[in-house]
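Down below is the structure, laid out as structure tokens.
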Amino acid sequence: MSSEVSSIQGKSISSKNIITYSLVLLTFLVALWLSFQSEGPSKMPKVVTDQFTFTAWVNEGEDYLKKNYRWITKIIASYIKNIYYFVEDFLLDSPWLLIAALIFLPCLIAGGLRLGLYSLFVIYFWGATGMWEPSLQTVALMGLSVLMCVVVGVTLGVMCSQSDRFENFMKPILDTMQVMPAFVYLFPALFFFGIGGAPAILATMIYSMPPIIRLTNTGIRQVSAETIESATSFGSSKLQLLFKIKIPLSLPSIMMGINQVIMMALALVVLACFIGAEGIGGQVWQAIRRLDVGWAMEGGLCILFMAIMFDRFSMSFSKTEQSLPSNVQKFYLLPQSWEKYLIARLIEKPLEFLSGLTNFVCINLTRSIAYVFEFCISLSNKNTARDIGEAITRRYYIIPSFILILAISFIDSYMISIGSFPEEWRLSIRQPISSAVDSLTVNPGFIAFTKALRGFVYLKLLRPLDIFLTHVPWWYTLGVFSAIGYFTVGIRFAIITALLLLFIGACGIWPQSMITLSSVLVSVALCFIIGVPLGIIASYNERFRNVQNVVLDAMQTLPYFCYLIPVLMFFGGGVVSAILATVIYSIPPIIRLTSLGLTQVSGTYSEVSRSFGGTLLQTLNKIKFPLAVPSLVIGFNQTVIMAFAMQIVTPLIGGKGLGLEVFNGLARSDTGRGLAAGIGIVLLAIIIDRISLAWTKKQREALGL
Amino acid sequence: MRLSKTISALFLSFVILFASLTQANAKRLHAAIADWTGGIITCEVAVGILEREMGYKIKQTVFPSGTGLWEAIAAGELDFACESWPSYAEADDVMFNEDLIYDGKVVKSYKGDGTVDLLGTTGIIGMSDYWIPRYAAEKFGIKTWRDLNKHKKEFATIETGGKGRLIGCPVAGWNCHDQKRLDLLGIDFQADELGTEAAAVAEAKAAYMRKEPFLLYLWSPHWFFGEFDMVGVGLPDYKTCAGDTFTEANNWKTCGTDGWPATGWDKDYTMNYGNPDTFAKPEHAKAKAFFERMKLDNLDQAKMLVEVDIKKRDVKEVVNEWLDNNPDKWKSWLPN
């Protein structure tokens, strides 16, 4: 009986599938027919686009704001700029040893010897590649942005946690802040806050604040009800409860937020070179301009190393100290598991001695200072003296650090000037990288390959899709998108989709947005073709996965226009290069989530399949893949969003579409044009994001996950 | 008691902050770094002299050239920028209110609102044209732009289909109007805008190394001509568009084939420009006088271009070397 029911259900599902597939096919065929009918690229009728002069409205609005309110933004900008210049001057004019100590000591204290040594390496790398100044400028910009993000973000997060209404009000704003490509507000920021540090910091705040607001909010909300109840029963007021119980308990979550803010701020600060902010971003951009791969690579590595350092540093605060039993000897530098090797023990022995010595010196130094202080103050007040003495003794790393830093600046100003990073220590990796790339560029076999690939991608994928999407009448595409929206999400979303697409069309940028869409689709398709197999290999081979994870981490931390040059060198300027750069940038999520999805499929399923005699391929095809679909779709979704984000920089190497419109808007100081195109990218990204998310949800529900 | 202490401490730190800021601002100028190597070198020469001889500290910011740069200067965000090419600055005609003088002769007069100050010519005289490699010119017998259509198939790429391809002006903000010019002259080519000088030149270099025919927009002085043998296609001589000039402000009105952009470019007496308020200040009078006298030679710039773009050396290093070796050339630019 039950088997009958299920077979009937199966039948109805498969017949439903047939209907769906034939509908899709029919829609496609009609679109194809329509596209062959049309003479040129489809556009909204001139009557509409001439009436809907969004560009002109924005420009008029901007002029009005500039005329009447610019003085306010100017004051804000000048304050931020002054603080930024102050920090920058301090960093650049200080002796390099002082800066090194200021970075090294906190890393050493917070993250142990491993992080300390790593930070020394990073500092050396900055200096050795001649990126000392730009690196510090980037640090200054990032530091200020993070500081302001934390102050504003934690406040907003606390407010969200206290009021549901405020939280509901903030949610859509935070969503928008995260989806909007930074370029869209980077340029208006330029017009209101001038060029350089101030707009960069403000734009960075917009970009990187959401995680800290969210994590503060959830952190506070997750404080257990029992804790709160016991605190209330002891008679603490609402404010006391918040500041003494809730915030301290949610500190790990807040620290996670700060960690994410740092990473995001670093990514945007690099991008801010487009609005005249100094730093490594500017170096990389100049390197791109001069096609100097080695130079760009050095800049990229500076950022990469810096990011890892700050990441580990801020992570060390949110991690709890793991304590080993005191009789087990603890390794300082190498992994504890290497204890069985003699060499490891030999390396660790002197380190152990050194650290013991440092500890001894630090503790005694601090104790004696504390004693002196205690003695001096105890003349007037005994209790305060003991408190202060204790407070000093507890911080036995910080006080010696201060002394060391003071000593350096004293030596610099009164004895010998230390100055900036010594020239003799320069070590450039520019030449080898550049010559390696150069030799590849003239290698006939390689060029034949790149040419073939270029031809294939352009002739077989991009051009047909470009022509198809631009030639299908706009109302038809709009209808198809709304229909997809209706079937996957619902009627409300279908209407919103239609309105958003109408907006794009009415702005007169329909053809450009279709070109952007086709570039994104081709890039994502290529990501899929390349990424899924890599993910499968990674899911079977752990060593491969580990290596791949390191590479992917690095790829995601490198500023994304670093990829532009090698691609440009090998594939020449043009649309195909733009696509390939997009693929490189947006492939990591799909690889990661494929391998994650496949490894997560529990062993029992594949065991069962194998015991029934399924081959490896069958298990993969019939069991693992269907179960990993939700994970795959999330990867696909992230890849799509990243591909859209990349559309903004690809015009630098010949990309077309909305990204180019944004650039042209900037170059002609036509904010309206740039903004319309930027919004177009955002809207397309939002529509596709929502549709694929809804689809994932349905898949999950169907699988009963 | 405690509050007043905090306040006084705060006050003190602010005083120190502002004191250090005002002190640092005394002889500071903020310049733009251009987006093509020639412009960067010219500016670096000016910056080098201002810093070495006149005690300035110059802050430099990478900024794409185009209208945005003019607005940044007018707003006082930047103090000066170097080597503007008059042909490329058409939309900015409104900004200057001065005559452009070279060797005592007025080469162009501007009647703008004076929100940007013309600091003087740089000495560099630029020329822009469309070029083809000599081997292609000889192989197909191309003498002028009129012969291009006959061989458009040879100049086509996979992206342009049946049309020939022009590796066009890379940056839209430069106002080259390549496609418009090609259409007006009836050249059946498609202009490709590759986004950066580097991209365009890399494309051309690769094509040259493979001995393929290609049509390239390029300006001189440029290192490309030192490395590769190129011939101009001799576009029609520059003619102004009488009455309706061709600018963004008048919605790209055009005189058809009677004037720009249906012609080649005019000879460009390039100029430095800056913020009028900055250079009206008495403390910057000497800097202004220096800019009036500056006169860098095309040949000198070309030599430095080779060092920078072909030998891949650092711009600052190359310019400093030139300053060290040629004091006779630039000492006369210094104000008395």
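Some observations on this one:
- Flag if A:Ile691 is in contact with a Ser or Thr (Cβ under 8 Å, 6 or more places away or on another chain), farther than 22 Å from A:Gly572 by Cβ and surrounded by fewer than 24 Cβ atoms within 10 Å (Cβ to Cβ): yes
- Taken over region A:662-675, residues that are more than 24 Å from the chain's Cα centre (by Cα) and at pLDDT 80 or above amount to 2.
- A:Ala110 vs. criteria surrounded by fewer than 20 Cβ atoms within 10 Å (Cβ to Cβ), away from every other protein chain (no Cβ under 14 Å), in contact (Cβ under 8 Å) with a residue 60 or more places away in the chain and in contact with a Leu (Cβ under 7 Å, 6 or more places away or on another chain): no
- Members of region B:177-197 that are touching a strand residue (DSSP E or B) at 6+ places or on another chain (Cβ under 8 Å) and either at the interface with another protein chain (Cβ under 8 Å from one of its Cβ atoms) or surrounded by fewer than 19 Cβ atoms within 10 Å (Cβ to Cβ) (or both): B:Gln179, B:Asp188, B:Asp192, B:Leu194
- Test: A:Leu23 is over 30 Å from A:Phe402 (Cα atoms), at pLDDT 80 or above and either part of a helix (DSSP H, G or I) or open to solvent by 70 Å² or more (accessible area, probe 1.4 Å) (or both): yes
- Region A:529-575 - residue that is closer than 30 Å to B:Lys205 by Cβ and assigned to a loop (DSSP other than H, G, I, E, B) and, of those, nearest to the other protein chains (Cβ to nearest Cβ): A:Gly573
- Residues that are open to solvent by 10 Å² or more (accessible area, probe 1.4 Å), within 11 Å of chain A (Cβ to nearest Cβ) and touching a strand residue (DSSP E or B) at 6+ places or on another chain (Cβ under 6 Å), drawn from region B:198-213: B:Glu203
- For B:Ala302, the conditions (1) free of Cβ contacts under 8 Å to residues at least 60 places away in the same chain; (2) open to solvent by less than 80 Å² (accessible area, probe 1.4 Å); (3) more than 14 Å from chain A (Cβ to nearest Cβ) all hold with the exception of (1).
- For region A:650-676, taking the residues that are assigned to a helix (DSSP H, G or I) and among the small types (Gly, Ala, Ser), the one that is farthest from the other protein chains (Cβ to nearest Cβ) is identified as A:Ala676.
- Only listed residue being without any contact (Cβ under 8 Å) to a residue 60 or more places away in the chain and closer than 30 Å to A:Gly597 by Cβ, chosen from A:Gly613, A:Gly635: A:Gly613
- Within region B:65-76, the set of residues being buried (at least 24 other Cβ atoms within 10 Å of the Cβ) and at pLDDT 80 or above comprises B:Leu69, B:Ala72, B:Ile73.
- A:Ile467 touching a residue at least 40 places away in the same chain (Cβ under 8 Å) and surrounded by fewer than 20 Cβ atoms within 10 Å (Cβ to Cβ): yes
- Condition check for A:Val270 on (1) more than 13 Å from the chain's Cα centre (by Cα); (2) at negative phi; (3) at pLDDT below 80; (4) not basic (Lys, Arg): one failure, at (1).
- Helices (runs of 4 or more DSSP H) contained in region A:110-217 and holding at least 2 residues over 30 Å from A:Asp63 (Cβ atoms) and of a type in the set (Lys, Arg): A:164-179
- Selected residue (criterion: farthest from the other protein chains (Cβ to nearest Cβ)) from residues of region B:42-64 that are part of a loop (DSSP other than H, G, I, E, B) and open to solvent by 20 Å² or more (accessible area, probe 1.4 Å): B:Gly55
- Test for B:Ile158: is it crowded, with 21+ Cβ neighbours inside 10 Å, within 13 Å of chain A (Cβ to nearest Cβ) and more than 21 Å from B:Thr257 (Cα to Cα): no
- Positions within region A:497-546 being modelled with pLDDT under 90, open to solvent by 60 Å² or more (accessible area, probe 1.4 Å) and β-branched (Val, Ile, Thr), in sequence order: A:Ile537
- Residue match in region A:642-649 (condition: open to solvent by less than 10 Å² (accessible area, probe 1.4 Å) and within 11 Å of another protein chain (Cβ to nearest Cβ)): yes
- Only one of the numbered conditions (1) open to solvent by less than 50 Å² (accessible area, probe 1.4 Å); (2) touching a helix residue (DSSP H, G or I) at 6+ places or on another chain (Cβ under 8 Å) is not met by A:Tyr124, and that is (1).
- Residue in region A:611-625 that is within 24 Å of the chain's Cα centre (by Cα) and away from chain B (no Cβ under 14 Å) present: no
- Where helices (runs of 4 or more DSSP H) fall entirely within region A:381-498, those with at least 3 residues that are under 30 Å from A:Ser577 (Cα atoms) are at A:430-442, A:444-455, A:463-471, A:474-488.
The values are calculated or read from the model by the stated rules, or taken from the named source; none is laboratory data. Only a predicted model underlies this, so the values are computations on that prediction, with no experimental measurement involved. All Cβ positions, even for glycine, are placed from backbone atoms using ideal geometry, and neighbour counts span all protein chains on display. Areas reflect the complete protein model, heavy atoms only, side chains present, ligands, DNA and RNA absent. Shrake-Rupley method; radii C 1.70, N 1.55, O 1.52, S 1.80 Å.
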